[in-house]
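Okay, so here's the structure we're looking at.
The values are calculated or read from the model by the stated rules, or taken from the named source; none is laboratory data. Since the model is a prediction, treat every value here as computed from it, not as a measurement. Methodologically, a virtual Cβ is constructed for each residue, glycine included, from the backbone with ideal geometry; neighbour enumeration extends over all protein chains shown.
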């Protein structure tokens, strides 16, 4: 990522700082992967929440994400800049809903989410192309998280 790629980004703006995953999205290579990786320790603490509270945090994180992704992409003058990774945070947390914490399941969830986020099977690819703004940035990762979460729940059913 070149420095001029970050035109309009202001890390002293709390919305921008959150959108770039507190700096994790500024990785020169694979910012989405680094953003997802930064979400793992937060998931560790979220895993102690009751399911209703976890879901409430997810909904708040989605609403917050739509706003911060919109503001940051607007200020950067581009849609879904690679440095914007709040959507990866939320997608990973969706994947891990109702998954008891262990490093093995955290890793499997990480891999599953990255696969769905990168490959973007239908309808994820369609949403990525057709829905714009903060909602568009968030929505494809929300659906990727749902798909990865279903796959993870299936694995938990078989092996957990």
### Message
I need a count of the residues in region 109-143 that are within 12 Å of the chain's Cα centre (by Cα) and under 17 Å from residue 66 (Cβ atoms).
### Response
7
### Query
Exactly one of (1) at pLDDT 95 or above; (2) more than 18 Å from residue 139 (Cα to Cα) is unmet by residue 32. Its number?
(2)
### Message
Looking at region 109-134 only, could you name the residues that are assigned to a helix (DSSP H, G or I) and crowded, with 17+ Cβ neighbours inside 10 Å?
### Response
109, 110, 112, 113, 114, 116, 117, 124, 127, 128, 134
### Query
Which residues, counting only those in region 68-92, are over 14 Å from the mean Cα position of the chain (by Cα) and assigned to a helix (DSSP H, G or I)?
70, 71, 72, 73, 74, 75, 76
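Residue by residue, here is whether (1) within 18 Å of residue 146 (Cβ to Cβ); (2) touching a helix residue (DSSP H, G or I) at 6+ places or on another chain (Cβ under 7 Å); (3) part of a helix (DSSP H, G or I); (4) modelled with pLDDT under 95 holds:
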position: 5; (1), (2), (3), (4): no, no, yes, yes
position: 39; (1), (2), (3), (4): yes, yes, yes, no
position: 45; (1), (2), (3), (4): no, no, yes, no
position: 53; (1), (2), (3), (4): no, no, yes, no
### Query
Taking residue 77 and the conditions (1) in contact (Cβ under 8 Å) with a residue 60 or more places away in the chain; (2) exposed (fewer than 15 other Cβ atoms within 10 Å of the Cβ); (3) farther than 25 Å from residue 9 by Cα, which numbered condition does it fall short on, given that it satisfies the others?
(3)
